[in-house]
1. Rank these by accessible area, largest first, 1.4 Å probe: GLU217, GLU341.
2. Could you tell me what percent of the accessible area of the range 258-396 is made up of carbon and sulfur, with a 1.4 Å probe and every protein chain present?
3. At 0.36 nm per residue, minus the direct Cα-Cα distance, what do SER122 and THR13 gain on full extension? Give it in nm, one decimal, please.
4. On average, how much accessible surface per residue is there in the range 13-98, in Å², for a 1.4 Å probe, leaving out ligands, DNA and RNA?
5. Between ASP39 and GLU217, what's the calculated FRET efficiency when r is the beta-carbon distance and R0 is 51 Å? Round to 0.05.
6. Roughly what angle does helix 378-395 make with the longest principal axis of the chain, taking Cα atoms, 0 to 90 degrees, to the nearest 10?
7. Assigning unit charges at the beta carbon (Lys, Arg +1; Asp, Glu -1) and nothing else, what dipole magnitude in debye, to the nearest 20, does the chain show about its Cα centre?
8. Under the 0.36 nm per residue contour assumption, what length would be gained going from the current alpha-carbon distance of GLN277 and ARG21 to full extension?
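The values are calculated or read from the model by the stated rules, or taken from the named source; none is laboratory data. Here the structure is a predicted model, which is why all the values come from computation and not from measurement. Reconstructed Cβ throughout: ideal geometry from the backbone, glycine too, with neighbour counts over all protein chains shown. Keep in mind that these areas ignore ligands, DNA and RNA; they rest on the heavy atoms of the full protein, side chains included. Shrake-Rupley method; radii C 1.70, N 1.55, O 1.52, S 1.80 Å.
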Amino acid sequence: MPAMAQRVAPFGTTIFAEINRLARQHGAINLGQGAPDFDAPPPVLEAAIRALSSQLNQYAPNIGLPEARAAIAQHAQRFYGQSISPDQVLITAGATEAMFAAILGLSDPGDEIIVFQPVYDSYVPNMRMAGVAPRYVNLYPPDWTFDPDELAAAFTPRTKAIIINTPHNPTGKCYTRHELAIIAELCLRHDVLAITDEVYEHITYDGAQHVRLATLEGMAERSLTISSLGKTFSATGWKVGWAIGAPELVESVNRAHQFITYSVATPLQAAAATALQLPDSYFEALRADYQRKRDWLLAMLQSAGFQPLAPQGGYFIMADWRDAAPDHIRDHIRDDVQFAEWLIREVGVACIPPSAFYRPEEKARAAHFARFALCKRDETLQAAAERLTALRVRGA
Ligand code: PMP
Ligand code: GLN
């Protein structure tokens, strides 16, 4: 009797688990999965410890702890000038669960949802499980812009929603206000919802502004804004996320959420309330620190022979690897997956092959790219640099 359901059989294993396994096996320095190798800030850790010893260890209310929802609403006011009631906030097990619950709660089998490609790897499997069909719109390098006509053509009478991830994984694109206005106009014209994934909202470079689509005219009622604690507070393992939107949207998402997880780790929600109320200086220091790491890794990849594209936000650098691979190796490497495997095995540095973010028939678009994570300690980046720059010497 075949045990595995047809629903999940085509999914395979996520690229992050695959690359982590290979990296461990070969003792590689891991610039693959986007997870910091340093800890969350002390006030956030202390808040969690306090919560654990304050009798906050039973189920939280299904929609979330009131103080955490209030802090998320205040954060939206502080950074985006949004006036939101805590009733418009639902707390989920990370942005990942928020997205799945949103798709389940807001679309029906046979509906279509538009995504931009490269597309974060969980969205399309989420849609498949919900019986929803993806429609793809490409982001084109080097600037990762989209063609407005291609976008307009993706809207059909079946379109229920569009998903926008900004700042974007894996490209680091920050959608401009102008681009978001084009998207908003199409959403209004076709009566379509916008679901945004803003987990990198506080990590932007070179003065790039993160713009929240929900703040554009006419979009407050038709946007569901998703974010989480993981990236902003270097606590990816906590899996505390949220969805913000009009009461009817949030209620729809909660209908799914209540039967997926019911509620989320109570003490970590209490700590989230503290984290989100940290002063502006915390958020400024986070941005400055990542700007420094981004600049450093960009220069290092360049000197190792890569052609990196400068990200405007997020945790990652996309780099063309062709000039970095020694000649005799380049001729034998067909694509990004083979390059990543070779880099782990022979050089001892792990990256993510970004074809994981493309549908099967378009994976060739990513064949010359490698995605490197920059959310690492300086020592880790330095150790990766020593191995990567030796590449040139060996190749010469
Ligand atoms: N969305 C994007 C675009 C991501 O890069 C990630 C992973 N870091 C997530 C969602 C997952 O967020 P969470 O850990 O809060 O589920
Ligand atoms: N978002 C992280 C990345 O892109 C991975 C999160 C996960 O493993 N699901 O690296």
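1. Numbers: GLU217 165, GLU341 70 Å².
Largest accessible area first, the residues go GLU217, GLU341.
2. Carbon and sulfur together cover 50 percent of it.
3. Fully extending the segment from SER122 to THR13 adds 38.1 nm.
4. Accessible area per residue, the range 13-98: 49 Å².
5. Values: r = 41 Å, r/R0 = 0.81.
FRET efficiency, ASP39 to GLU217: 0.80.
6. 30
7. Dipole about the Cα centre, nearest 20: 720 debye.
8. Answer, rounded to one decimal: 88.5 nm.
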